[in-house]
């Protein structure tokens, strides 16, 4: 009988110990605050960017973030597709290289669960000419070169509309084509060319809508040589992108703070001389 009582006591003690360890005992729950455990705040992330200027700007943001106790590992890519692939499958935590229309198209085509959380820089498209200095000098029937890919063709046409040279069907939006021109008072002739070829056509056309990266390669300064340049309100501003489920993670507010810093803005203005423009104030 004594052995049985001792055995029961040992079992009871073991059971109580297990309940205390697992938090399943009725009385032991009193020690619980009732609040879910808070995940540890991250201070280290991987951010993807295309090699070249986008990665260079991110390097400056990385140094700014380090002062705030945050580590950014930059992962460089050599094309425009893989940074979103890597982000969507969890290989990186964010990317900073693409504009919103490109992201929207990628999400639509590939069913990514990604979202933008902040704007960064714009690589402005501009109108250039070797024949005129002002747009009001443009004669009826003038030839206008624009890129022929869907994104940049619409972008070029929207810039012409902003200049008051044409009017587009509002339903066309960012994907406007020459067929969406509803008013063309000067009867401008739209000539579609591969984007890299547009600045090379300046000897043969009257004006051309040129992406800043191709303008720089052609020896043009977006800041001083363009007749009209996109501003920071352009829908083609580049963005920081994260997985939709992670957008509330506090670490990304640190990333935004570092990127949209005075140090990064000063670097962009000095290094690229108008080819890149910081969109934050």
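Computed from the coordinates by the stated procedures, all read-outs in this text should not be read as laboratory data. This is a predicted model, so every value here is computed, not measured. Quick reminder, even Gly has a Cβ in these numbers, built from the backbone with ideal geometry, and neighbours come from all protein chains shown.
The table below lists the values:
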quantity	calculated
Chain lengthening between residue 91 and residue 248 when straightened (0.36 nm per residue, less Cα-Cα)	54.7 nm
Ellipsoid equivalent to the chain - semi-axes via the Cα gyration tensor, in Å	58, 20, 14
Distance (nanometres) between label positions extended 7 Å along Cα→Cβ at residue 132 and residue 192	2.3 nm
Exposure proxy order (Cβ contacts within 10 Å, fewest to most) of 129, 221	221, 129
Segment 73-221 shape via C-alpha gyration tensor axes, a/c threshold 1.5	prolate
Helix axis angle, 53-67 relative to the chain longest principal axis, alpha carbon, degrees	40 degrees
Three-way shape label, segment 152-241, alpha-carbon gyration tensor, a/c 1.5	oblate
Mean separation of Cα contacts under 8 Å, 6 or more apart, over the residue count of segment 125-229: relative contact order %	43 percent
Mean Cα-pair separation over length for the chain, i.e. relative contact order, pairs under 8 Å, 6 or more apart, %	25 percent
Theoretical gain in end-to-end length, residue 115 to residue 161 [0.36 nm per residue, Cα-Cα removed]	13.7 nm
For peptides 247-258, 201-212, sequence by mean Cβ density within 10 Å, most packed first	201-212, 247-258
